[in-house]
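This is the structure, below, for whatever I ask next.
The values are calculated or read from the model by the stated rules, or taken from the named source; none is laboratory data. The shown structure was predicted, so the numbers you read here are calculated from the model rather than taken from an experiment. As a convention, Cβ positions derive from the backbone with ideal geometry for all residues, glycine included, and neighbour counts pool all protein chains shown.
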Amino acid sequence: MAENEENTTEAAAAPQGNEQPAGPQFALQRIFLKDSSFESPRSPLIFQAQWSPKINFDIKTRSSKVQDDVYEVVLILTAEAQIEEKAAFVVEVHQAGIFTAKDFDDLQLEQVLATVCPNILFPYAREAVDSLVIKGSFPALMLAPINFDALYAQQKQNQAEQVADGGDAASEAPASETTQ
């Protein structure tokens, strides 16, 4: 039995000698619904109209540092359905998450907060939007997946063009999309 104890002690000591250098670390701490709203200004009359809406969709993200290496990222989805140029409903969801991002350089951190975090938050926000629309007695509104990497690349390209044209790169246009 002493032989087994010896092997266990050696095995436990071995990983300490084989420690690998720590690289960037990323972790999700919490996902939560920060805010949501639903308006149906023309109900109940809107339910008598033919349902062929024009859907306007807007997406924004924002991030803030909570403490060292801990960030809150908020994904804001807004959808408005219009019939005959009048709002049938407007829904807005602020889906948030708290993330740990350690040992990233500034550019990597910016990209992680602008792409990875919204990718994690989007399914939750999409479900919240759909749920609110259904509870308003409208047909389901299943939002298509969003390529946050492409949106980030487009935003960086727009900023570079503004700098090249002598504009201010700090002004960020929110990503938005319109579907019918």
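May I ask you to say which residue of GLU110, GLU80, GLU127 is farther than 30 Å from ALA22 by Cα, over 11 Å from the mean Cα position of the chain (by Cα) and not in a strand (DSSP E or B)? Give the derivation first.
Values: GLU110 fails: farther than 30 Å from ALA22 by Cα; GLU80 fails: not in a strand (DSSP E or B).
Every option except GLU127 fails the conditions.
Would you say THR100 is at pLDDT 95 or above and either outside any strand (DSSP E or B) or within 15 Å of ILE76 (Cα to Cα) (or both)? Explain how you work it out, then say what you get.
Working: at pLDDT 95 or above: yes; either outside any strand (DSSP E or B) or within 15 Å of ILE76 (Cα to Cα) (or both): no.
Here the answer is no, as THR100 does not meet what is asked.
Let me ask something additional. Report, by residue number, each residue of the range 79-103 that is within 15 Å of PRO53 (Cβ to Cβ) and not aromatic (Phe, Trp, Tyr). Quick ask: steps written out before the conclusion?
Going residue by residue through the range 79-103, those that are within 15 Å of PRO53 (Cβ to Cβ) are 79-91.
Matches in the range 79-103: ALA79, GLU80, ALA81, GLN82, ILE83, GLU84, GLU85, LYS86, ALA87, ALA88, VAL90, VAL91.
This table checks each residue for (1) assigned to a strand (DSSP E or B); (2) at pLDDT below 95; (3) surrounded by fewer than 16 Cβ atoms within 10 Å (Cβ to Cβ); (4) not charged (D, E, K, R).
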site: ALA27; (1), (2), (3), (4): yes, no, yes, yes
site: ARG30; (1), (2), (3), (4): yes, no, yes, no
site: LEU33; (1), (2), (3), (4): yes, no, yes, yes
site: SER37; (1), (2), (3), (4): yes, no, yes, yes
site: GLN50; (1), (2), (3), (4): no, yes, yes, yes
site: ASP58; (1), (2), (3), (4): yes, no, yes, no
site: ARG62; (1), (2), (3), (4): yes, no, yes, no
site: LYS65; (1), (2), (3), (4): yes, no, yes, no
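Considering only residues that are surrounded by fewer than 18 Cβ atoms within 10 Å (Cβ to Cβ) and in contact (Cβ under 8 Å) with a residue 12 or more places away in the chain, look in the range 73-91 and name the one that is nearest to SER36 (Cα to Cα). Lay out the reasoning, then the answer.
Filtering the range 73-91 for residues surrounded by fewer than 18 Cβ atoms within 10 Å (Cβ to Cβ) gives 82-87, 90.
Narrowing the set further to residues that are in contact (Cβ under 8 Å) with a residue 12 or more places away in the chain leaves 82-84, 86-87, 90.
Details: GLN82: 19, ILE83: 23, GLU84: 26, LYS86: 21, ALA87: 18, VAL90: 11 Å.
The extreme case among them is VAL90.
Among what's in the range 130-146 and is surrounded by fewer than 18 Cβ atoms within 10 Å (Cβ to Cβ), outside any helix (DSSP H, G or I) and among the aliphatic types (A, V, I, L, M), pick the residue that is farthest from the chain's Cα centre (by Cα).
My answer is ALA140.
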